[in-house]
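First the structure, in the form of structure tokens, and then the observations on it.
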Amino acid sequence: MSNNENLWKSLSAVIGATILSLIGPKVVSTEQLPWSKWLMFLFIAVLLLLYSFNFITRFWRKLVMFIRNKSCFCPKVGIIYSVSKVEPNNIPRVWTDVAPECWGSLVKKAAKIANKKIRIKLIDARSSFDSFNVIINPYGGNLPELNFVAFPVYNKLLDYIKNGGFFVNIADIPTYWSFNPLINRLVDRTPAVYDIHGAVSRNFQRTPLLEELALSAFNLGEQNKNKFKLDDRYSGYGEKEILLRLSRCVKIESHIESVTLPIKLQPDLEVTPLFFCNYGDGLCLISMSWLDREKYDKNFPRRECIDYGADNKDLEEVIPYLIIQKLFGIKYNKT
């Protein structure tokens with residue numbers, strides 16, 4: 001809760017209590033005033049007190065989430081687009097070159113194939129997530145923030161998922177970075193670890209969302225393109241396999257539902273680059289593969305930059321399909 005909101009709630013409590021203290025003695029006195037006026041003052045005082053103790057806000061949230069979860073209403077998909085009036089072109093996309101509005105078109109296309117109706121809205125990170133059935137972060141490893149004191153967007157996102165929301169991160173390690181509009185730059189959200197010589201390293205497991213979801217992530221280094229079989233539950237996308245050039249993945253544990261069949265790195269270590277996992281009453285869909293071309297490295301001028309966006313193009317069809325499948329509880333075949 002922001003300082004401004006706390007101030008308004010405190011002020012409402014003071015005004016509401018003051019009104020009650022003033023009209024109480026008047027009601028029992030001989031002073032005559034129409035009951036309609038007493039009731040009006042009483043209504044205003046009670047309303048202010050309810051607001052100050054958060055009853056109205058909580059009731060409204062419950063109502064919005066109740067409507068969201070009713071199948072008779074058209075599902076809404078929110079795509080984080082801007083933050084604090086910063087234009088999306090000025091918000092860095094980490095390991096993805098697919099624009100936010102493109103994900104809207106891709107999800108609409110998947111819904112049309114399934115003969116389902118959805119509503120797509122590009123939203124500011126300041127917006128409430130509660131009315132949306134799905135929230136998509138199209139910025140890959142970057143989750144735009146409002147400030148780095150309370151991390152309101154990140155905490156709002158956790159609360160949204162915990163209360164039945166469906167969060168989708170389309171590339172890389174979610175929340176490894178955050179864009180800070182106050183300084184207009186990308187900032188590491190993963191805590192730094194320093195060795196005795198002062199060298200810095202950052203452990204994926206300490207990335208905020210991965211730590212919250214208890215995910216163990218690995219960097220696979222440079223890999224060749226390969227075909228990976230999809231789990232039968234998700235092969236309705238129209239293919240039994242998906243072509244990927246892997247970059248990062250997570251260890252498959254009891255709370256992870258892998259979209260691909262398990263990939264064995266070691267005899268006792270199975271991993272996946274694309275998976276669902278639960279958090280509270282909600283669900284996350286996380287893809288850790290990259291959707292962008294490598295940047296030129298002046299230290300290795302002769303090295304050819306790998307175009308992960310082209311190599312992992314299948315994900316632009318698979319991710320929207322998975323969203324629609326989970327959203328409507330269906331399995332359909334692409335035609």
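Put simply, the amide H of Ser82, placed in the peptide plane, has neighbours under 5 Å in Ile123, Asp124, Ala125, leaving out anything fewer than 5 places away on its chain. Protection proxy ranking for 128-137, 86-95, using the average of other Cβ atoms within 10 Å per residue and placing the highest first: 128-137, 86-95. With respect to the cross-link table entries Lys116/Lys156; Lys76/Lys121; Lys76/Lys116; Lys117/Lys162; Lys108/Lys229; Lys112/Lys227, which display a Cα-Cα separation exceeding 19 Å? Check vs 19 Å cut-off fails for Lys116/Lys156; Lys117/Lys162; Lys108/Lys229; Lys112/Lys227.
Cross-link partners for Lys70 among the aspartates and glutamates, with Cα-Cα distance under 17 Å and sequence neighbours closer than 8 places in the same chain left out: Asp130, Asp281.
Within region 65-328, antiparallel bridges make up roughly 65 percent of the DSSP beta bridges whose residues both belong there. Under the classification rounded if a/c is under 1.5, otherwise prolate if a/b is larger than b/c and oblate if not, where does region 74-142 fall, given a ≥ b ≥ c as square roots of the Cα gyration tensor eigenvalues? Oblate is the answer for region 74-142, as a/c is 1.5 or above yet b/c matches or exceeds a/b.
Against the empirical 2.2 N^0.38 Å (N residues), region 65-328 has a Cα radius of gyration ratio of 0.99.
Two numbers describe the Cα atoms of region 53-196: Rg and Dmax, which are 16.3, 60 Å. Computed from phi, the 3J(HN,Hα) profile of region 101-106 under the Karplus parametrisation 6.51, -1.76, 1.60 (θ = phi - 60°) reads 5, 5, 5, x, 5, 5 Hz, with x in place of Gly and Pro. Taking amide H as placed 1.01 Å from N in the peptide plane, the amide H of Phe179 sits under 5 Å from that of Leu143, Glu145, Val187, each at least 5 places away or on another chain.
Values quoted throughout were computed directly from the atomic coordinates according to the rules given, and no laboratory measurement underlies them. Note that this is a predicted model, so its numbers are computed, not measured. A quick note on method: Cβ atoms are made from the backbone with ideal geometry, for glycine too, and the neighbour counts reach across all protein chains shown.
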